[in-house]
Amino acid sequence: MVNLPLPLDIPIEEGCNTCVACIKSCPTDAIVEPYVVDARRCISYLTIELQGAIPEEFRPLIGNRIYGCDDCQLVCPVNSKAPITAESDFHTRQALIQPELIDLFAWSETFFLRQTEGSAIRRIGHKRWLRNIAIALGNAPANPNIIAALEQRKLSDEVDAMVIEHIDWAIAQQKQKAPQEALSRKTQRVIRSIEKGLPRDA
């Protein structure tokens, strides 16, 4: 507790009305009803808070998200009016602006810690970082370079049984990949929202 006088903020008014954009856009149907999230299904929980293996049922739905998910925020008409912070610590770092997943997957633990110093990303640790990227690589279009990167990383002394299990899953996904299917309706909805005026947040 503190005895310092603190400034009062303005109460937030409920602005959802009949909007259900976030519910419809959640990749894993984690928003089960207005204002209620089943964290066990939320990609932010699965990729950040969950310390073990990510359940297989959610892996294809994670897509290429390797640290959290903001789809519900991107489609929210209220949040679209929120100003971008001037605090540079919250801005995307250069090394993480549209990077190649294979390049991120090759980061050693030392390099990972150096690149994420002072960032919230660092707290998931290198192994969960690799776990998440393995899933994203498994979900990527079929590519022999991805299979090679997965197989090479599997031989690394920086992976444990948990990471290897996700690598094996990703390799299996890559090998059985059919021609890329059309984007899901949820993904199309998020893309349209971004193209309308939220590229700054994507």
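The values are calculated or read from the model by the stated rules, or taken from the named source; none is laboratory data. Here the structure is a predicted model, which is why all the values come from computation and not from measurement. Glycine gets a Cβ as well: all are built from the backbone with ideal geometry, and neighbour counts include every protein chain shown.
For first residues located in the stretch 8-31 and at negative phi, partners that are among the small types (Gly, Ala, Ser) and at pLDDT below 85 and lie 6+ apart or on another chain with Cβ distances below 9 Å form the pairs ALA21/SER193; SER25/SER193; PRO27/SER184.
Filter the helices (runs of 4 or more DSSP H) completely within the stretch 118-192 down to those with at least 3 residues that are within 15 Å of the chain's Cα centre (by Cα). Give the steps one after another, and end with the answer.
Working: elements: 125-139, 144-154, 161-175.
Ranges flagged: 125-139.
Of note, ASN132 does not satisfy the criterion of being surrounded by fewer than 21 Cβ atoms within 10 Å (Cβ to Cβ) and either at pLDDT 95 or above or of a type in the set (Asp, Glu) (or both).
Only one entry in PHE111, PHE90, PHE105 is at pLDDT 95 or above and under 18 Å from the mean Cα position of the chain (by Cα), namely PHE105.
The helices (runs of 4 or more DSSP H) found entirely in the stretch 1-103 that carry 3 or more residues being farther than 30 Å from ARG114 by Cα are 21-25. Mind listing just one residue for me: the one in the stretch 1-37 that is of a type in the set (Asp, Glu) and modelled with pLDDT under 95 and, of those, farthest from the chain's Cα centre (by Cα)? Per the criteria, the residue is ASP9.
Do we find a residue being surrounded by 15 or more Cβ atoms within 10 Å (Cβ to Cβ) and touching a Gly at 6+ places or on another chain (Cβ under 6 Å) anywhere in the stretch 146-154? The answer is no, given that none of the residues of the stretch 146-154 is surrounded by 15 or more Cβ atoms within 10 Å (Cβ to Cβ) and touching a Gly at 6+ places or on another chain (Cβ under 6 Å).
For the subset of the stretch 45-97 comprising residues that are among the charged types (D, E, K, R) and in contact (Cβ under 8 Å) with a residue 12 or more places away in the chain, which member is surrounded by the fewest Cβ atoms within 10 Å (Cβ to Cβ)?
Taking the stretch 45-97 as the starting set, the residues that turn out to be among the charged types (D, E, K, R) are 49, 56-57, 59, 65, 70-71, 81, 87, 89, 93.
Cutting the leftovers down to in contact (Cβ under 8 Å) with a residue 12 or more places away in the chain gives us 56, 59, 65, 70-71, 89, 93.
Numbers: GLU56: 11, ARG59: 20, ARG65: 19, ASP70: 16, ASP71: 22, ASP89: 9, ARG93: 14.
The qualifying residue surrounded by the fewest Cβ atoms within 10 Å (Cβ to Cβ) is ASP89.
Looking at the stretch 179-191, can you tell me whether even one residue there is exposed (fewer than 13 other Cβ atoms within 10 Å of the Cβ), modelled with pLDDT of 80 or more and farther than 25 Å from LYS24 by Cα? Scanning the stretch 179-191 turns up no residue that is exposed (fewer than 13 other Cβ atoms within 10 Å of the Cβ), modelled with pLDDT of 80 or more and farther than 25 Å from LYS24 by Cα. Among the residues making up the stretch 129-149, those that are closer than 20 Å to LEU61 by Cβ and aliphatic (A, V, I, L, M) are LEU130, ILE133, ALA134, ILE135, ALA136, LEU137, ALA140, ALA142, ILE146.
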